[in-house]
Every structure is written in C-alpha cells, then in structure tokens.
Amino acid sequence: MGDGVALSVKRIARCIYVSAPPLCAPPLRKWTSSVPIANNFEGIPRFNLCYYNKLRFRYYIWILKNQIKTKHMKIKLLIALLIAVFINFSLTAVNNLILHTVWPSAPFWFILVFALLIALLLVGFLSKVANNNANPEAPGVLAANKWVWMLGIFAGALFGAFSSETQNTSYVQFDNGTNKAVKLSFIDRTKDEINVVIKPDSVFEAEMPVGKVKFKLNGKDREILATQGKGSIFNIDTAHTYIKTEIMYGKSGDDKGFDPKMETIHEEFFKVDVDYYFEAPDQILTKRGRDKTKTVLYRMKDVLKGKIK
C-alpha cells in the first residue's frame, strides 16, 4: 500500500517537474535547459512544455497528412462518409417526424441532444457487438475499424440535427426601404414572441416556421407562405426594386465581352436563390487560372447612388 502511494506521488511530482519551466517558447537550440538533472526523477530533463506541445502537434499533423494520402486511409474515410450520410438522412427523417407530429415547437438544443443520444446508443451497441465477436488473432471488421464507424455515426448525428433545424425553419429578410422605422411582431418556430423595430434602410432576418405565418407589421395583420431555408425577402411597402445579376471573378472579370444575366424584381414578398444579398465582396478565392461566376441581388437604389460598382 505504501509503495503504491509513493509511486503515485512520484509520478505526479514527475509531471509537475516536467511542466515547471516558463510557458513562453524559447528557440529550438534552448529546448533543453542546462539545469542539472535531479536524481529523484530518473533522468528526465527539464524542458519547455509549451514548445514541446507545439512540436508534438506538428508531428501528429504530419502523420495525419501522410496517412490521408494513402489509398487505404482514403477508403476508410469514404466509408465513414457513407455512414455519416446514412445516419444523417435517418435522423433527419426521425427529427422531422417529431417536429411535424409530436412537438412542432421543439428547440434546437432538444434536436441536437436527441441526435447525440441516438448516436451514443448506436455506438454503445456496436461496441458491445464488436467486443463480443473479437479475439486477439482475428479482431473482426467492427473492432478493427472502430474509429471509422464511430466517426461516421457522430458526424451524421450532428449533420442530421442541423439539417432538421434548417428544413423546419424559414429565414425571412425584412428589408425596410422606407424612411420610417417599422415595428414587426411574430411568433417564431419555438413559439416565442418576437418584437423588433426595423430602422430605415436596414434589414432584419426573422426565423419563422415553415408554412403559413401570421405576423404584425406596424400593428396590421399580415400573412405569408414561408418556405424552408434562406432566400425569402419581404420588401416592406414594396419600397425597393431589386436587380439579380452575375459577377465574374478571375482574369475574365475585367473582360468587356462578359455579358451578365440581369433580372428586375419588384414584389412585396418573393424568394430568390443567389450567392450574395445586397452586396458582394471585391474578391474571392478561386483556383489558379479559373474564373468563377457568382450571383448577387442588388437594390436598385444602391446601384443608382453609386454604392455598387
């Protein structure tokens, strides 16, 4: 008993001794200090723990990069991806069934916890099966590739939770092009009452349930048919006229021969699928030597005032 306690204390003291130096990393040539080695710690030198962790992290990244390049590892990652896709579709279907029939106002934390709980139960069941069928000489497919299906299950569970939230939520942008503030009141998907004031020339993105949604705009009852995902725009008082067009990024962006498609939209409520809303970045990352076309929705007023070049 005494020897066991002494050994444990000795191991703890060894860890404290190793991490004793300052945390700021010295140059590589000073990695090992010139302090004499204590006889009580079996010849373990004192060194900078922070710098050691950095080297170890780089070493693990180097191993991971070289492992991913191998054909065997690529096949395993592909299998993990296929498992994640299957779990994603399965959990999304179950979550959607719960949201449509049992608890339509379920918050996102419930969806996420439910997905992770299902993943833990599935991992526990498969681990039990793998351990029961494994032996030292032939561990079996499940035991030998445990991290593959565990990665696929947890990744699929996370994607399934976010997919369910996205499919049951409509993100509507209320664009106020008037010169007066507008009061907006509505009930979101989780049955919480939202009251907000939208200032002139500003946008508010509301998270609404999918389907017919009733809301109040300056005290007046309104109703829209909200669809899942992003892209829905409510043009308050139809004050704005929009232009949907294209932008070419790359060497051909300055080419005068580029003829972008243009579409004018002047509606109160509509949905449009573009890459950028109301403004676009001056430059984006593209592959070397390749052009990339992006779609953008501009306000006509911003284009006429010269805000959009």
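The values are calculated or read from the model by the stated rules, or taken from the named source; none is laboratory data. For clarity, every value in this text was computed on a predicted model and none was experimentally measured. As a convention, Cβ positions derive from the backbone with ideal geometry for all residues, glycine included, and neighbour counts pool all protein chains shown.
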Inspect all residues belonging to the range 94-103 and state whether any of them is within 30 Å of Asn195 (Cβ to Cβ), among the polar types (S, T, N, Q) and crowded, with 18+ Cβ neighbours inside 10 Å. yes
I'm trying to understand the selection: among the residues of the range 280-296, which are closer than 28 Å to Asn176 by Cβ and either modelled with pLDDT under 90 or over 24 Å from the mean Cα position of the chain (by Cα) (or both)? Ala280, Pro281, Asp282
Residues that are among the β-branched types (Val, Ile, Thr): which strands (runs of 3 or more DSSP E) entirely in the range 171-282 hold 2 or more of them? 182-187, 193-198, 242-249, 263-265
Can you tell me which residue in the range 99-109 is modelled with the lowest pLDDT, limited to those that are in contact with a helix residue (DSSP H, G or I) (Cβ under 9 Å, 6 or more places away or on another chain) and in a helix (DSSP H, G or I)? Leu99
Checking Leu225 against (1) within 16 Å of Phe174 (Cβ to Cβ); (2) surrounded by 13 or more Cβ atoms within 10 Å (Cβ to Cβ); (3) among the hydrophobic types (A, V, I, L, M, F, W, C), which single condition isn't satisfied? (2)
When you look at Asn195, is it modelled with pLDDT of 95 or more, over 25 Å from Glu267 (Cβ atoms) and within 29 Å of the chain's Cα centre (by Cα), yes or no? yes
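Take Phe125 and tell me if it is surrounded by 14 or more Cβ atoms within 10 Å (Cβ to Cβ), in a helix (DSSP H, G or I) and aromatic (Phe, Trp, Tyr).
no
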Among the residues of the range 243-276 satisfying the criterion of being at pLDDT 95 or above and among the aromatic types (Phe, Trp, Tyr), which is surrounded by the most Cβ atoms within 10 Å (Cβ to Cβ)? Phe269
Those residues that are closer than 18 Å to Asn179 by Cα and surrounded by fewer than 17 Cβ atoms within 10 Å (Cβ to Cβ), I need them from the range 228-238; list them, please. Asp237, Thr238
State all residues of the range 169-180 that are within 21 Å of Ile224 (Cα to Cα) and either surrounded by fewer than 18 Cβ atoms within 10 Å (Cβ to Cβ) or not charged (D, E, K, R) (or both); if no residue qualifies, say none. Thr169, Ser170, Tyr171, Val172, Gln173, Phe174, Asn176, Gly177, Thr178
Taking first residues from the range 73-97 that are in contact (Cβ under 8 Å) with a residue 60 or more places away in the chain and second residues anywhere that are surrounded by fewer than 21 Cβ atoms within 10 Å (Cβ to Cβ) and among the small types (Gly, Ala, Ser), the pairs with Cβ under 6 Å that are 6 or more apart or on different chains are Ala84/Ala155; Thr92/Ser163
Any hit, the range 155-168, residues being surrounded by 15 or more Cβ atoms within 10 Å (Cβ to Cβ), among the β-branched types (Val, Ile, Thr) and either modelled with pLDDT of 95 or more or outside any loop (DSSP other than H, G, I, E, B) (or both): no
